[in-house]
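Everything below concerns the one structure shown next.
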Amino acid sequence: MKLEHYEPEYASYFVRMFLEPVIKTHGVNIDKAFPNLRIWLGAKPPFEANADKNNLWHENYRRPHFTENDGLFYCVIPDLFKGILPPTERIYTLCHEIGHYVHTVYLKDDMEKWAKWAAETGHRLDTEFKNDGGYPRITSHEDFAIDFSKIALGQCKNINYYMKLLKNGIA
Ligand SMILES: [Zn+2]
């Protein structure tokens, strides 16, 4: 995991809300658990700098997103809501995007693993692809990311499942 660009204030929230609990309380090795993950926190990555020609809200660069590209993974939290959303909200959103990284890397499209996730966390399994007004989504992927992001609030009931996944590569 590498923080490519960040504002110190946000970085300190990220450390306090996510990294410290995961490292200190649960003993996760961050470098091992999040290989090839790069994070832009409060900025657009340079390779997306010219992606705003058509200026649509629906385009990824305008919203927080997770992208996979040739074995590299990016979480981007643009600087749209500075001063509007509190830092805690932005870190919560970042952890949602990190949740998408986690299922992409660890569960992939392995239905056995997804079924185990559903059974262990009490979620309904729904991996059908939907496109809601330009927002492509898969319900179970979103449920996974939402559940995972609650780690940042100290309110994830299924934290043992996620920590096992991060530490052992399998839960
Ligand atoms: Zn999502």
Q | Residue in region 69-115 that is farthest from the ligand (Cβ to nearest atom), counting only those that are within 19 Å of SER149 (Cα to Cα) and of a type in the set (D, E, K, R) | A | LYS108
Q. Of all residues in region 138-151, which are within 10 Å of the ligand (Cβ to nearest atom) and farther than 14 Å from LEU107 by Cβ?
A. ILE146, SER149
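Suppose we filter GLY169, GLY154, GLY134 for residues that are more than 11 Å from the ligand (Cβ to nearest atom) and within 17 Å of THR25 (Cβ to Cβ); which single one remains? Steps first, please.
Working: GLY169 fails: within 17 Å of THR25 (Cβ to Cβ); GLY134 fails: within 17 Å of THR25 (Cβ to Cβ).
Selected residue: GLY154, the only one of GLY169, GLY154, GLY134 that is more than 11 Å from the ligand (Cβ to nearest atom) and within 17 Å of THR25 (Cβ to Cβ).
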Q. Out of (1) within 14 Å of the ligand (Cβ to nearest atom); (2) over 22 Å from HIS26 (Cα atoms); (3) surrounded by 17 or more Cβ atoms within 10 Å (Cβ to Cβ), the odd one out for PHE129 is which?
A. (3)
Q. Does at least one position in region 106-120 carry a residue that is under 13 Å from SER140 (Cβ atoms) and within 10 Å of the chain's Cα centre (by Cα)?
A. no
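Every residue in region 151-171 that is open to solvent by 40 Å² or more (accessible area, probe 1.4 Å) and part of a helix (DSSP H, G or I), please.
LEU153, ASN160, LYS164, LYS167, ASN168
The values are calculated or read from the model by the stated rules, or taken from the named source; none is laboratory data. Fair warning: this is a prediction, and the values are worked out from it, not measured in the lab. FYI the Cβ positions are ideal-geometry reconstructions off the backbone, even for glycines, and counts take in every protein chain you see. These accessible areas exclude ligands, DNA and RNA; they are computed on the full protein's heavy atoms, side chains included. Shrake-Rupley method; radii C 1.70, N 1.55, O 1.52, S 1.80 Å.
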